[in-house]
Every structure is written in structure tokens, then in C-alpha cells.
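All of the numbers you see were taken from the coordinates with simple rules; none came from a lab. Just so we're clear, the structure is a prediction, and the values are computed from it rather than from any experiment. Neighbour counts run over all protein chains shown; Cβ positions are idealised from the backbone, glycine included.
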Amino acid sequence: MNSPIGLHRVLAPAGVLPQAAQRLDATPAIAEDEVRIRVERLNLDAASFRQLSTVHDGDGEAVRKAVLETIESRGKMHNAVTGSGGMLIGTVDEVGPASPLGLKPGDRVATLVSLTLTPLAVTDGLARWDGRSEQVPCDGHAILFGRSIAAVLPDDLAPELALAVFDVCGAPALVDRVVRGYDRPTVAVLGGAGKSGSLALAAARRAGSSRSTAVVRSAEERDALAAARVCDRIAIADARDPVATAAAVGEPADVTVVCVDVPGCEHGAVLSTAPGGTVIFFSMATSFAAAALGAEGLAADVTMIIGNGYLPGHAAFALDLLRAEPGVRALYESRLAAD
């Protein structure tokens, strides 16, 4: 029986949602409320790509084979170590008569749901990808369920740029919501020079933060972020070192946002946050146990939020920020050019 949340696509184990499944059915025939996308490009989650690159010592061919094997064996792109996937862009190929998504054949779209729950098949063996960047050109198809999310690609931005923004669009929207709940709060962003971090800083400023601090890992990132002009202060520290991170932030922030794509940043974030403050973990490398137990051990009175990547209007909000912040756009374009 067809399910709007994709239960009919779960092959194993029985009784779980598609995101938790070990294997999905990615056959191209669609149900009445599904949409089939002809895939053009994947955008791997940053934590997933870093993990794969690290475990394979930067060997792009080994990374390519690992991603291909995951897709072929699981019917989706779901990194078993990080638990994360990414998203994709493509062209709508077929729309079921009962689909509620408002899409039509020929629309170029980005999916705003994780690849970890999206039935996916590739037909070109990822032959055009060298395994050295997060963006993966490919041929194949993907399936959207009745209860999925997708956005039509904007005409004024390159598809690769739009995809990079859509990949992290939940972060600035959530930062905007949290910052507006305070009266001119101070904000710290760990990983401020990255995709989600730079947009989070822009969102915090727009929402009325009184002061923003970015923590980055190198002088190169510091200089690039300084040129973007989206924060008041930039400090260099290893976010995995809690004492160094807290020292870099200085006076504890009312709102701390974690956008670092490596494990072990939970304690530094908690230590950098003022009593009564909020920590937003917007990284798939976050350990809930480390965050919860670390806060308990520090007797830290902080609210901790796991960013889930979705808020109403998050895609349009992120694109608007990018258009309004030429420095952030330059950061994105520089990163894409390097890839």
C-alpha cells in the first residue's frame, strides 16, 4: 500500500521510516503521489564527505567507489558512519496525479530532504566525479514521496551555487528564529567560514544580534571571512579543544551555533555559552550523548537544539540572505571554484 511518507519503499528492516532503513526500493515506477527526478548532481553532506576523505586518505577514486557502493547497496546515499547524506538537483521527469508537491515535468529542482531517505539510483557509475569535492555530477533518478520537500531552482543563480545554499538552508532560518527570541543577544558561530556558518552569521546580524564572534580553524579562513564582513570579531581555534574554543569566544555568548563538520565540538560550544543561553548544533557530526552529558558535567544551564534542516520558508530565506550579502556569496563561489 502506498504511503505519503515512503513506507512502501522500505525493503529492510520492516516497520521503520525510510531514513532509518538499511535499504530502499529505488525502482523508477512511481506511485500516484510520488515524483521521479532525473538526477544531475548530488551534494554530499560536509560531515559525510570529510569522513569519507579521511578514512580513504584523500584517495578520490576510493571515495568515489565508496559512495557508489553505498548507493547501489542501500538504494540511497546514507553514510553509515556519520548517518548523513546530502541532497540533489535534477529535472522533474514524471509526476503522479495525486502528488501534492506542485511540481511539473521539466522543472529543475533541488530536493530539500536528505539523501538518507531519498530512493536513489545512479546509471553512470559516477564516472564524471573525481571523489575530491562535495558536489557529485551524475546520471540517475530519485524518488520524492507525497510528504517531501523540493524547491524550483532560481533563474538568477548557477545551479551549483543554489544547491550549495539549499544544502544548509535550515541553519540560517533556525538562527533567525532563535536570535529573535532574545533582546539583542551576543552570538558565537563555530565554523563561521563554512557554508552554514557564514549564512548563520548573516542571519544573526539581520535578526538583531548585538555582537557576533566567529571561530575558524586557520588564518586563511579568518582572512576569507573578514572579507565577507558578516561578523564583528574572528578568532582562530580548534573547535574540538573546549578550553581553547571558550577562550577564543571570550565572554560567553547568548547563542552559540556549531557548524563544524567534525566530531568533538560539543563541550567547547557548551563552555562558550552564557547561563540561560542556547546552543544550536547544526552539524551531522554532533553526538547527542556528548552534548547532554557534557552540559550536565559542567553544570551548564543552557538550552540545546539539534537543527533538523527544515523550517517553513527556509529555502527562500537562505537565498535572500545570499543575494543580500555579496561577501557571503563570494565565499560560496570561491569554495565552488576550488572544488
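Along the range 89-106 the Karplus relation, 6.51 cos²θ - 1.76 cosθ + 1.60 evaluated at θ = phi - 60°, assigns HN-Hα couplings of 10, x, 10, 5, 9, 8, 10, x, x, 10, 5, x, 7, x, 9, 9, x, x Hz to successive residues, with x for each Gly and Pro.
Given the Cα atoms of the range 146-213, and with Rh set as the inverse mean 1/r over their pairs in the Kirkwood sense, what is Rg to Rh to two decimals?
Dividing the radius of gyration by the Kirkwood radius yields 1.05.
Among L201, L24, L161, the largest mean-square fluctuation in a Gaussian network model of the chain (Cα springs under 10 Å) belongs to L161.
Per the Debye formula on identical point scatterers at the alpha carbon atoms of the range 170-338, with no solvent, log10 I(q)/I(0) at q = 0.09, 0.13, 0.19 Å⁻¹ is -0.25, -0.53, -1.19. Remark on A150: its backbone amide H falls under 5 Å from those of L112, a criterion applied only to residues 5 or more positions apart or on other chains, H modelled at 1.01 Å from N. Pair-distance distribution of the chain: all C-alpha pairs, bin width 10 Å, starting at 0; shares per bin in whole percent are 6, 26, 33, 24, 10, 1.
Hey, fewest Cβ within 10 Å first, where do D139, D155, D320 land in order?
On the way: D139 16, D155 7, D320 13.
Fewest-to-most Cβ neighbours within 10 Å comes out as D155, D320, D139.
Each residue of the range 263-275 is assigned a 3J(HN,Hα), and the resulting list reads x, x, 9, 5, 5, x, 5, 5, 5, 8, 10, 6, x Hz, derived from the Karplus form 6.51 cos²θ - 1.76 cosθ + 1.60 (θ = phi - 60°), x at Gly and Pro. Per-residue Karplus couplings for the range 76-83, computed as 6.51 cos²θ - 1.76 cosθ + 1.60 with θ equal to phi - 60°, are listed in order as 6, 9, 9, 5, 5, 8, 8, x Hz, Gly and Pro entered as x. With unit charges on the beta carbon (Lys/Arg positive, Asp/Glu negative), name the residue among G102, I89, A224 whose Cα is farthest towards the positive pole of the charge dipole of the chain. In the chain, that residue is G102. Shape of the range 250-339 from the C-alpha gyration tensor: prolate (a/c of 1.5 or more and a/b above b/c, with a ≥ b ≥ c the square roots of its eigenvalues).
How about the range 280-332: which chymotrypsin sites (Phe, Trp or Tyr not before Pro) there lie in a loop by DSSP and see at most 10 other Cβ atoms within 10 Å?
Of the chymotrypsin sites (Phe, Trp or Tyr not before Pro), not one in the loops of the range 280-332 has a Cβ with at most 10 other Cβ atoms within 10 Å.
For D139, nonlocal amide neighbours, meaning residues 5 or more places apart or on other chains whose placed amide H falls under 5 Å from its own, are T123, D124, L126. DSSP finds beta bridges in the chain, and of those with both partners inside it, around 55 percent are antiparallel.
Based only on the alpha carbon positions, what is the Kirkwood hydrodynamic radius of the range 1-77, in angstrom?
On the way: mean 1/r = 0.0704 Å⁻¹.
Answer for the range 1-77: a Kirkwood hydrodynamic radius of 14.2 Å.
Spin-label pair S210-L293: with each label point 7 Å from Cα along the Cα-Cβ axis, the two points sit 3.6 nm from one another.
Calculated FRET efficiency, D124 to E69, Cβ-Cβ distance, R0 = 22 Å: about 0.90 to the nearest 0.05. Would you kindly calculate the translational diffusion coefficient of the range 7-158, applying Stokes-Einstein with the Kirkwood radius from alpha carbon pairs, for 25 °C and a viscosity of 0.890 mPa s, and quote it in µm² s⁻¹ without decimals? D = 159 µm²/s. Simple spin-label estimate for V81 and L17 gives 2.6 nm between the two label positions (7 Å along the Cα-to-Cβ direction from each Cα).
In a simple Cβ point-charge model (Lys, Arg +1; Asp, Glu -1; nothing else charged), the chain has a dipole of about 400 debye relative to its Cα centre. Which one of D301, D45, D156 has the biggest mean-square fluctuation once the chain is modelled by GNM with Cα springs under 10 Å? Greatest mean-square fluctuation among the candidates belongs to D156.
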